[in-house]
Amino acid sequence: MKDILSQDDLYLLVDEFYKKLLSDPKISYIFTDVVKIKLEEHLPILVTFWSQAILGTGGYTNNLTQIHLDVNEKSYLSPELFQIWLNHFNNSVDENFKGEKAEKIKTQALSIATVMQIKIAQKKG
Ligand code: HEM
């Protein structure tokens, strides 16, 4: 297995990841009912985001935490949902890639998920 080296690799990763999310009824409703994402628009944004985060390219300028706080206003993003999200993400990485960037992207996902959950918990309080 190879490491994540290019935007094409990231596209494959997010494609596999969203197949898992969308086929798991415990979380898919967020992407189909709460927010109706258009995959053909959504996946390239995810590639740009992760490319900036782990390949060091630029181009992602949105406020990722605020976007998720907005989703959370519509439907509570519980710790359980974050765990499901992270499990599917980590499995998608491990099934397709191995190496330094593959480790880095999982660590980054966990730390971003942790920050999001802290912000969501602050809102609740
Ligand atoms: C419970 C966990 C999560 C759920 C249910 C979730 C759900 C969503 C939804 C519904 C959107 C589309 C929002 C919109 O277009 O209005 C979105 C966008 C996005 N999410 Fe998540 N998310 C979760 C966690 C995460 C985490 C931990 C990360 C990063 C590590 C992440 C990265 C992104 C990115 C990059 C976008 C695109 C934002 C943009 O349009 O600029 N998500 N997410």
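Would you check which residues across the range 1-24 are within 17 Å of residue 54 (Cα to Cα) and hydroxyl-bearing (Ser, Thr, Tyr) and list them?
Across the range 1-24, the qualifying residues are 6, 11.
Listed here are the residues, each with its yes/no results for (1) over 21 Å from residue 27 (Cβ atoms); (2) among the aromatic types (Phe, Trp, Tyr); (3) near the ligand (Cβ under 9 Å from one of its atoms); (4) exposed (fewer than 12 other Cβ atoms within 10 Å of the Cβ).
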| site | (1), (2), (3), (4) |
| --- | --- |
| 51 | yes, no, no, no |
| 56 | yes, no, no, yes |
| 61 | yes, no, yes, yes |
| 78 | no, no, yes, no |
| 88 | no, no, no, no |
| 110 | no, no, yes, no |
| 117 | no, no, yes, no |
| 122 | yes, no, no, yes |
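Which is touching a residue at least 12 places away in the same chain (Cβ under 8 Å) and either under 17 Å from residue 116 (Cβ atoms) or assigned to a helix (DSSP H, G or I) (or both), of 33, 8, 15?
Working: 33 fails: touching a residue at least 12 places away in the same chain (Cβ under 8 Å); 8 fails: touching a residue at least 12 places away in the same chain (Cβ under 8 Å).
Result: 15 is the single residue among 33, 8, 15 that is touching a residue at least 12 places away in the same chain (Cβ under 8 Å) and either under 17 Å from residue 116 (Cβ atoms) or assigned to a helix (DSSP H, G or I) (or both).
Just the residues that are part of a helix (DSSP H, G or I) and either over 21 Å from residue 16 (Cα atoms) or under 12 Å from the mean Cα position of the chain (by Cα) (or both), please, taken from the range 54-69.
64, 65, 66, 67, 68, 69
Taking the condition near the ligand (Cβ under 8 Å from one of its atoms), within 23 Å of residue 24 (Cα to Cα) and among the acidic types (Asp, Glu), does residue 70 pass? Outline the logic, then answer.
On the way: near the ligand (Cβ under 8 Å from one of its atoms): yes; within 23 Å of residue 24 (Cα to Cα): yes; among the acidic types (Asp, Glu): yes.
Judged against the criteria, residue 70 is a match.
Would you say residue 120 is more than 13 Å from the chain's Cα centre (by Cα) and assigned to a loop (DSSP other than H, G, I, E, B)? If you could, list the steps in order and put the result at the bottom.
Values: more than 13 Å from the chain's Cα centre (by Cα): yes; assigned to a loop (DSSP other than H, G, I, E, B): no.
Criteria not met by residue 120.
Output the number of the condition that residue 2 fails; it satisfies all remaining conditions of (1) farther than 19 Å from residue 90 by Cα; (2) more than 10 Å from the ligand (Cβ to nearest atom).
With (1) farther than 19 Å from residue 90 by Cα; (2) more than 10 Å from the ligand (Cβ to nearest atom) applied to residue 2, the lone miss is (1).
No value in this document is a laboratory result; all are computed from the given coordinates. No experiment lies behind these values; they were computed from the predicted model shown. Note: ideal-geometry Cβ built from the backbone for every residue, glycine included; neighbour counts use all protein chains shown.
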